[in-house]
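Following: one structure in structure tokens, then a few remarks.
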Amino acid sequence: MKKIWDIFASIKTAITLFFLIAATSIIGTVIKQQPVPEGYEQLYGPTLTKIIKDLKLYDMYHSWWFHLLLVLFSVNLIVCSIDRLPRVLRFFKKESRIRGREYLSETQVKCVHKTKKLSVQEASEKVEKILKEKGFPIKEREQQGSTLYMFAEKGLWNRMGVYITHLSILIVLIGGLIGGIFGFTGNMTLVEGGKSNNVILRGGFSNKILPFEVKCNDFKILFYENKPDVPKDYISELEVIENGQVVKRAKVEVNHPLVYKGIYFYQASYGVFSSQGGVLTLKVRDKKTGKTSTVSLKVGENREVPNLGIFLELVAFYPDFVITAEGPTTRSQELRNPAALVKIKKKDGTVTKTWVFAFFPNVHEKESDYEVKFVKFEPVFYTVLQVSKDPGVWLVWLGCIIMCVALLFTFFYPHRRIFVWITPKGKDVEIAIGMSTNRNLEGFKKFAEGLCNRVKEEIQK
């Protein structure tokens, strides 16, 4: 047990663990966080993908080995603190700080002045007054033979600053462990009008089923006025449904999440189901009579065209039309080259097919008795929500606040001690002042020099 204790009490162990945590944290930036497992196979191949999956490198902050590193670092921090704490606690013991005149040589900064004008008592009163002005009230006073001894200090709690910092780090680590074990991060995709309780966790290798459902009633995209192709904001109208009842409604946009039962739903991205959904509006003109009419269709839908006595069926829709060796297809879901294949059925049963191109309206217009033009297409949008739960986040925030206060206190309010011996030397009175600090010795030397000069001036008046 002593060997184990010594290992965890070692600064080398702390540096090693800290280096491992810092080094492994880089993995999250080196290994891309792909939304689906196939993304890793394309980047790294099947062998590396298996290693990434087994070690959970796609979500390392929730991996067992990263949690183990945090636990070991926490144990190391606790053991180091306990091992060194007794040396600091002695400063808080209620014991006399009386030191003999020989202790002057052990102080970091010192000065000695003599005066013929003052008695020991008068000199002590002047020194005490100066120390109080500098924020050092006298804590102890004692007559040692012919010598009057005084002791003053401030910033004693600075000695505990490093341990308060250690405590804050432990709180942050505990918060991180709680978040890593009981929290999660993933994505949820919702089509307008659809609902789900399934969250695809980071990396796409697993999922999380929520105890309630989230429904997207509407999705809107706002664009900049001077840049109509650049999205300004994404807005999702969401409902939380639990036990068949709507328990919460919210408008989710960037930086304005929906929060329910400690789970945050952020607006992350969006997309369109152009070829799988949406409504296409077409304008149909009878070339013989000149009559026109409009009709709106979904893919696979067959509807009668008002006032023309014909039926129109939307056979297929391609948002980004292209012809390959396999036939017509779409390169993307973006409306870059919209095209539709429609079927026209007359009352006599005659059926003809024609292509309709949004950007090339005159193509194939002579192949039918009816002219069909592209008016508009209203796609079905889907919203991508980032879903996260971190029950330890408040501990992390608390630890960070405590750490900032502790570091501020540690580095800017050092523990300073002042020892004063006032001794009669024949016709003179000698004033010896010794000073020590645990932080910023160079800055303390300037303070000590100013204090010594002030004492010299006062006793020579």
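The values are calculated or read from the model by the stated rules, or taken from the named source; none is laboratory data. These figures come from a predicted structure and were not determined experimentally. Positions of Cβ are backbone-derived with ideal geometry, glycine not excepted, and every protein chain shown enters the neighbour counts.
Kindly establish whether residue 248 is surrounded by 13 or more Cβ atoms within 10 Å (Cβ to Cβ), within 30 Å of residue 390 (Cβ to Cβ), basic (Lys, Arg) and in contact with a strand residue (DSSP E or B) (Cβ under 9 Å, 6 or more places away or on another chain).
Yes, satisfied.
Kindly check whether there is at least one residue in segment 279-299 that is among the small types (Gly, Ala, Ser), within 47 Å of the chain's Cα centre (by Cα) and not in a strand (DSSP E or B).
So far as segment 279-299 goes, no, none of its residues is among the small types (Gly, Ala, Ser), within 47 Å of the chain's Cα centre (by Cα) and not in a strand (DSSP E or B).
Matching residues to (1) in a helix (DSSP H, G or I); (2) modelled with pLDDT of 95 or more; (3) not assigned by TED's automatic domain parsing to the domain that holds residue 148:
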{"position": "398", "(1), (2), (3)": "yes, yes, yes"}
{"position": "405", "(1), (2), (3)": "yes, no, yes"}
{"position": "409", "(1), (2), (3)": "yes, no, yes"}
{"position": "430", "(1), (2), (3)": "no, no, no"}
{"position": "443", "(1), (2), (3)": "yes, no, no"}
{"position": "446", "(1), (2), (3)": "yes, no, no"}
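Which of (1) in contact with a Ser or Thr (Cβ under 8 Å, 6 or more places away or on another chain); (2) of a type in the set (Gly, Ala, Ser); (3) closer than 24 Å to residue 390 by Cβ does residue 296 not meet, given it meets every other one?
Condition not satisfied by residue 296: (3).
Among the numbered criteria (1) at pLDDT 80 or above; (2) more than 33 Å from the chain's Cα centre (by Cα); (3) surrounded by 13 or more Cβ atoms within 10 Å (Cβ to Cβ), which one does residue 55 miss?
(2)
Working carefully through the options 139, 195, 129, find the one that is surrounded by 15 or more Cβ atoms within 10 Å (Cβ to Cβ), of a type outside the set (Val, Ile, Thr) and not assigned by TED's automatic domain parsing to the domain that holds residue 28.
Selected residue: 195, the only one of 139, 195, 129 that is surrounded by 15 or more Cβ atoms within 10 Å (Cβ to Cβ), of a type outside the set (Val, Ile, Thr) and not assigned by TED's automatic domain parsing to the domain that holds residue 28.
Please state which of the following conditions residue 452 fails to meet, knowing it meets all the rest: (1) farther than 30 Å from residue 278 by Cα; (2) surrounded by fewer than 15 Cβ atoms within 10 Å (Cβ to Cβ).
Here residue 452 clears every test but (2).
Which pairs have Cβ atoms under 9 Å, sit 6 or more apart or on different chains, and link a residue in segment 206-230 that is not assigned by TED's automatic domain parsing to the domain that holds residue 259 and assigned to a loop (DSSP other than H, G, I, E, B) to one that is surrounded by 11 or more Cβ atoms within 10 Å (Cβ to Cβ) and β-branched (Val, Ile, Thr)?
none
Being at pLDDT below 90 and assigned to a helix (DSSP H, G or I) narrows it down to one residue among 200, 171, 181; which is it? Working first, answer last.
Details: 200 fails: assigned to a helix (DSSP H, G or I); 171 fails: at pLDDT below 90.
Unique residue meeting the criteria: 181.
May I ask you to verify whether residue 279 is surrounded by 17 or more Cβ atoms within 10 Å (Cβ to Cβ) and either in contact with a Cys (Cβ under 8 Å, 6 or more places away or on another chain) or closer than 21 Å to residue 376 by Cβ (or both)?
Criteria not met by residue 279.
Somewhere in segment 412-425, is a residue under 38 Å from the mean Cα position of the chain (by Cα) and farther than 20 Å from residue 110 by Cβ?
We begin by selecting, within segment 412-425, every residue under 38 Å from the mean Cα position of the chain (by Cα); these are 412-415.
This time we only want the ones that are farther than 20 Å from residue 110 by Cβ, so: 412-413.
Yes, because at least one residue in segment 412-425 is under 38 Å from the mean Cα position of the chain (by Cα) and farther than 20 Å from residue 110 by Cβ.
Could you check how many residues of segment 189-239 are among the polar types (S, T, N, Q) and either in contact with a Lys or Arg (Cβ under 7 Å, 6 or more places away or on another chain) or farther than 16 Å from residue 383 by Cβ (or both)?
Final tally of qualifying residues: 3.
Just checking, how many residues over segment 142-174 are out of contact with any helix residue (DSSP H, G or I) (no Cβ under 7 Å at 6 or more places or on another chain), small (Gly, Ala, Ser) and surrounded by 15 or more Cβ atoms within 10 Å (Cβ to Cβ)?
So the answer is 1.
On the given criteria, is residue 312 within 18 Å of residue 375 (Cα to Cα), free of Cβ contacts under 8 Å to residues at least 60 places away in the same chain, surrounded by 15 or more Cβ atoms within 10 Å (Cβ to Cβ) and touching a Leu at 6+ places or on another chain (Cβ under 9 Å)?
Here the answer is no, as residue 312 does not meet what is asked.
Only one of these is at pLDDT 85 or above and over 42 Å from the mean Cα position of the chain (by Cα): 338, 328. Name it.
328
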